[in-house]
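For reference, the structure is listed below as structure tokens.
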Ligand code: ADP
């Protein structure tokens, strides 16, 4: 079953730049998909449209049966609750501990204390950071901070995890650790993962589905893709 369908989508920014042209895609539930392409090819724009940070100027973006392009602004929280988002720069709250960072969103939606604890510890265990729950972000390596950000994104067991260049600030060793964490989440929780990256080594090693963009156009969609072989 498709979790996501992108139909005839165009995104033209107010300054006149067209970031995405007539894009059509379907992404199956449970898949792990890379979005690849050079800088400015439209990767972030596509990810942002999936979580309704940006709206397409044409077309439909169906996520879990709902056209997120048509959603009213005040209803956006309904889809955000079902997805986790991970950014290149972690975006942790510096004055909160690891535990508090991961617990924060659950507390905001009024989850019971026991449930918060159970979910937070499970998420931190899944990313291999259960031993650092009382540390603050600045006491962690970049790779560890990104693992906290991933724990925060999966703590409510979303169906979809969107990652925009999650390894962009990390060295190759830490990047591979992050990829192992994401791969395990995909396999064990069945979470659909969409990850934008321009890291060839990662894409070639993981052998996942690949959506290749060039100047806003879809140039390739492969089941087991590599970076080098794509026409980008
Ligand atoms: P990528 O993530 O592949 O680097 P982006 O989606 O960030 O690509 O950008 C695609 C194109 O859209 C680029 O030409 C970029 O300059 C332009 N763009 C991105 N965001 C905006 C914005 N908020 N306003 C205007 N143009 C933008």
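Just the residues that are surrounded by fewer than 19 Cβ atoms within 10 Å (Cβ to Cβ) and either closer than 13 Å to residue 150 by Cβ or under 23 Å from the mean Cα position of the chain (by Cα) (or both), please, taken from the stretch 119-132.
Going residue by residue through the stretch 119-132, those that are surrounded by fewer than 19 Cβ atoms within 10 Å (Cβ to Cβ) are 121-122, 125, 128, 130-132.
121, 122, 125, 128, 130 - these are the residues of the stretch 119-132 that are surrounded by fewer than 19 Cβ atoms within 10 Å (Cβ to Cβ) and either closer than 13 Å to residue 150 by Cβ or under 23 Å from the mean Cα position of the chain (by Cα) (or both).
Please determine whether any residue of the stretch 71-78 is without any contact (Cβ under 8 Å) to a residue 40 or more places away in the chain, more than 18 Å from residue 160 (Cβ to Cβ), away from the ligand (no atom under 14 Å from the Cβ) and in a loop (DSSP other than H, G, I, E, B).
yes
Residues of the stretch 24-54 that are in contact with a helix residue (DSSP H, G or I) (Cβ under 7 Å, 6 or more places away or on another chain), more than 9 Å from the ligand (Cβ to nearest atom) and farther than 19 Å from residue 198 by Cα: 51, 52.
For the stretch 83-95, the condition of being within 16 Å of the ligand (Cβ to nearest atom), closer than 28 Å to residue 141 by Cβ, modelled with pLDDT of 95 or more and not in a loop (DSSP other than H, G, I, E, B) holds for at least one residue.
The values are calculated or read from the model by the stated rules, or taken from the named source; none is laboratory data. Remember, predicted model here, so these are calculated numbers, not experimental data. Note that each Cβ is placed from the backbone with ideal geometry, even for glycine, and that neighbours are counted across all protein chains shown.
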